[in-house]
Amino acid sequence: MEDMEKFLFKFKGYYFNRSSLDIGFIENLDNFEIRENDVFIVTYPKSGTIWFQQLSLIYSEEHRKGTGKRETMDRVPFFEYKTPEMDFEERPSPCLFSTHLPYYLVPSGLKNKKVKIIYVYRNPKDVMCSYFHFAKNVISQFTGTFEEFMKQFLEGRVMGSLWFDHIKGWYEHRSLFNIQFMMYEEMKKDPRGSVLKICKFLEKGLSDEDMDAVVRQAIFENMKDDPLANYDSIIATVFGPNAKGHFLRKGTIGDWKNHLTVEQNERFDKIFQREMKDFPLEFIWDM
Ligand code: A3P
């Protein structure tokens with residue numbers, strides 16, 4: 001089995017993906033100057049990051065109308081995986097960023113209570129299954145069985161570290177930030193309602209027509225066919241020639257039922273109950 005850990009870089013207790021990392025930038029992250037109207041989309045990997053990045057259409061009339069040419073990665077770059085070509089300082093406001101960072105590693109400027117943060121979470125059984133396919137077929141950093149992956153995931157030996165720590169850390173420290181928690185499954189069940197909720201949080205009024213365009217272009221099938229939104233063009237360049245999967249894989253709720261055995265499910269539930277005892281956010285496990 002290929003051990004994923006050799007692809008990881010641990011910094012202050014958190015695992016980054018080593019290959020796309022500017023370590024100097026990471027070491028100085030705390031000093032990075034944040035502008036008041038920046039917006040951050042925070043996710044644990046495989047929770048629907050790419051989906052919520054597509055909601056950058058709320059800010060972009062030309063992409064809503066289909067005339068824009070910028071790929072998601074450029075519209076909502078990953079903060080911690082900044083490359084030398086990305087000049088964050090020169091970007092027009094508002095700047096939209098994505099990040100998988102835990103609450104304690106983000107620049108302290110995010111605690112000014114003005115920067116808007118959208119935290120997207122998804123039931124962790126589906127996160128784990130999505131991650132398994134991603135690790136095997138997209139980043140090609142894992143060659144083992146599902147059981148072996150489950151162990152790594154539950155020990156936090158993956159990029160993003162432990163799912164439980166990530167969500168609990170952000171939730172327990174929410175009062176430090178201006179943060180809106182959004183659920184993947186709610187977005188799936190009621191996309192328009194979720195987009196409205198986000199618009200309200202972002203204080204962005206959209207006409208019905210613009211709202212329809214955002215919702216339509218964020219539907220799984222439409223994103224999958226949209227080269228600006230599906231990341232397909234970067235998969236080979238960023239993750240190498242063996243990468244054959246897609247970020248938009250299935251996009252369903254409850255795919256874990258196709259992966260976990262009864263025993264694995266019981267084991268997962270036991271850990272979940274122990275770790276998430278008294279955690280108030282709800283989870284949706286099936287459609
Ligand atoms: P699956 O692998 O379960 O299909 P991330 O961007 O954080 O890596 O998350 C990727 C997951 O979000 C994938 O899950 C992907 O299919 C799902 N996803 C992306 N866009 C989606 C959409 N428009 N609707 C539903 N799911 C979506």
(request) State all residues of the stretch 213-224 that are more than 11 Å from the ligand (Cβ to nearest atom) and not in a helix (DSSP H, G or I); if no residue qualifies, say none. (result) none
(request) Could you tell me which residue of the stretch 1-48 is nearest to the chain's Cα centre (by Cα), considering only residues that are of a type in the set (Ser, Thr, Tyr) and closer than 17 Å to HIS166 by Cα? (result) THR43
(request) Considering each of SER108, SER20 in turn, give the residue that is within 16 Å of the ligand (Cβ to nearest atom), more than 30 Å from VAL215 (Cα to Cα) and surrounded by fewer than 19 Cβ atoms within 10 Å (Cβ to Cβ). (result) SER20
(request) State whether the residues of the stretch 165-186 include one that is at pLDDT below 95 and among the aliphatic types (A, V, I, L, M). (result) no
(request) Could you pull out every one of the helices (runs of 4 or more DSSP H) wholly within the stretch 1-74 that has 1 or more residues that are touching an Asp or Glu at 6+ places or on another chain (Cβ under 8 Å) and at pLDDT 95 or above? (result) 61-64
(message) Being without any contact (Cβ under 8 Å) to a residue 60 or more places away in the chain and in contact with a strand residue (DSSP E or B) (Cβ under 9 Å, 6 or more places away or on another chain): is that true of SER175 here?
(response) no
(request) Please verify whether the stretch 80-100 includes one or more residues that are among the acidic types (Asp, Glu), away from the ligand (no atom under 16 Å from the Cβ) and over 23 Å from ASN28 (Cβ atoms). (result) no
(request) Starting from residues that are in contact (Cβ under 8 Å) with a residue 40 or more places away in the chain and within 20 Å of GLY68 (Cα to Cα), keep the ones in the stretch 196-217 and report whichever is surrounded by the most Cβ atoms within 10 Å (Cβ to Cβ). (result) VAL214
(request) Return the residue satisfying two criteria in turn: it lies in the stretch 232-274 and is among the acidic types (Asp, Glu) and modelled with pLDDT of 90 or more, and of such residues it is farthest from MET150 (Cα to Cα). (result) ASP255
(request) Quick one: count up the residues across the stretch 254-287 that are of a type in the set (A, V, I, L, M, F, W, C) and outside any loop (DSSP other than H, G, I, E, B). (result) 5
(request) Please name all residue pairs, on different chains or six or more residues apart, with Cβ atoms under 7 Å, provided the first residue is in the stretch 122-134 and is outside any helix (DSSP H, G or I) and the second residue is within 6 Å of the ligand (Cβ to nearest atom) and of a type in the set (S, T, N, Q). (result) ARG122/SER47
(message) Restricting to the stretch 141-160, name every residue that is within 15 Å of the ligand (Cβ to nearest atom) and not aliphatic (A, V, I, L, M).
(response) GLN141, PHE142, PHE146, PHE149, PHE153, GLY160
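The values are calculated or read from the model by the stated rules, or taken from the named source; none is laboratory data. Small disclaimer: the values here were computed from a predicted structure and weren't measured. All Cβ positions, even for glycine, are placed from backbone atoms using ideal geometry, and neighbour counts span all protein chains on display.
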